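Data first, discussion second: the structure below is written as structure tokens.
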Amino acid sequence: MTQALTLARPYARAAFALSREGGRTAAWSQALAFASRVAADPQAQALLGHPLLNPVDAVGLLAPDGADEAFTRFLGLLADNRRLVLLPEITGQFEELRAEAERVVKAKVTAASELPSAELDAIKAALKKRFGREVEIETAVDASLIGGAVIDAGDVVIDGSLKGKLERLQSTLSQ
């Protein structure tokens, strides 16, 4: 685990707790996503890392219009502790906590070509049955897989790609 993820964990937990107290996890999710995109920008990173940047100005740069007071205070805490650069990691961990609380599994399906919606629906139904939770699917295309798909759902990776099968066959034959 990287140091950034370790440093981000308590902030993500605090953000999640604050958002749940106010019943505003969806709003915090959107606000954190916005702040993370800004903080990840190379020009913004240079500005946010500047020692003369006032924390109030940093919060003004990162907080989306209409963000609640608790969120701006949270950003202020990050600015005071010089942890604004952790926003992308904090956001990722916040989303994991939110998905766990909402009993949602996020799965990434990478296929050699675009999958038809009927096939994605079948994969989603199978994953829902396996995990006993709602499933959100993100798709990607990787032509190097040759055929089939790789499903990555947290700790579970199912490699049904032709490339993966060929690699396993090659490994078996070389032993």
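The values are calculated or read from the model by the stated rules, or taken from the named source; none is laboratory data. The structure presented is a predicted model; accordingly, all values stated were derived computationally and were not measured. Counting neighbours? That spans all protein chains shown, and the Cβs are built from the backbone with ideal geometry, glycine included. Ligands, DNA and RNA are stripped out before the accessible areas are found, and what is left, the full protein with its side chains, is counted by its heavy atoms. Shrake-Rupley method; radii C 1.70, N 1.55, O 1.52, S 1.80 Å.
Scanning the stretch 61-116 for residues that are under 30 Å from Ile146 (Cα atoms), open to solvent by less than 40 Å² (accessible area, probe 1.4 Å) and not β-branched (Val, Ile, Thr) yields Ala107, Ala111, Ala112, Leu115.
Considering Leu166, Leu145, which residue is of a type outside the set (Val, Ile, Thr) and touching a helix residue (DSSP H, G or I) at 6+ places or on another chain (Cβ under 8 Å)?
Details: Leu166 fails: touching a helix residue (DSSP H, G or I) at 6+ places or on another chain (Cβ under 8 Å).
Criteria check complete, one pass: Leu145.
Could you please find all residues in the stretch 140-157 being at pLDDT 90 or above and under 20 Å from Glu96 (Cβ atoms)? Passing the criteria: Ala140, Ile151, Asp152, Val157. Which residue is farthest from Ala107 (Cα to Cα), if the candidates are limited to the stretch 147-163 and must be under 21 Å from the mean Cα position of the chain (by Cα) and charged (D, E, K, R)? The qualifying residue farthest from Ala107 (Cα to Cα) is Asp155. Evaluate the stretch 50-60: report whether one residue or more is farther than 18 Å from Glu95 by Cα, touching a Gly at 6+ places or on another chain (Cβ under 7 Å) and surrounded by 17 or more Cβ atoms within 10 Å (Cβ to Cβ). Looking for residues that are farther than 18 Å from Glu95 by Cα, touching a Gly at 6+ places or on another chain (Cβ under 7 Å) and surrounded by 17 or more Cβ atoms within 10 Å (Cβ to Cβ), one finds at least one in the stretch 50-60, hence yes.
I need a count of the residues in the stretch 146-175 that are of a type in the set (Asp, Glu), surrounded by 12 or more Cβ atoms within 10 Å (Cβ to Cβ) and closer than 21 Å to Ala122 by Cα. Here the count works out to 2. One residue stands out in the stretch 22-48 among those that are of a type outside the set (A, V, I, L, M) and free of Cβ contacts under 8 Å to residues at least 24 places away in the same chain: the one that is farthest from Gln93 (Cα to Cα), namely Gln43. One residue alone among Gly66, Gly76, Gly154 is without any contact (Cβ under 8 Å) to a residue 12 or more places away in the chain and under 25 Å from Phe16 (Cα atoms), and that residue is Gly66. Within the stretch 14-22, the presence of at least one residue that is modelled with pLDDT under 90 and under 21 Å from Glu96 (Cβ atoms) is confirmed.
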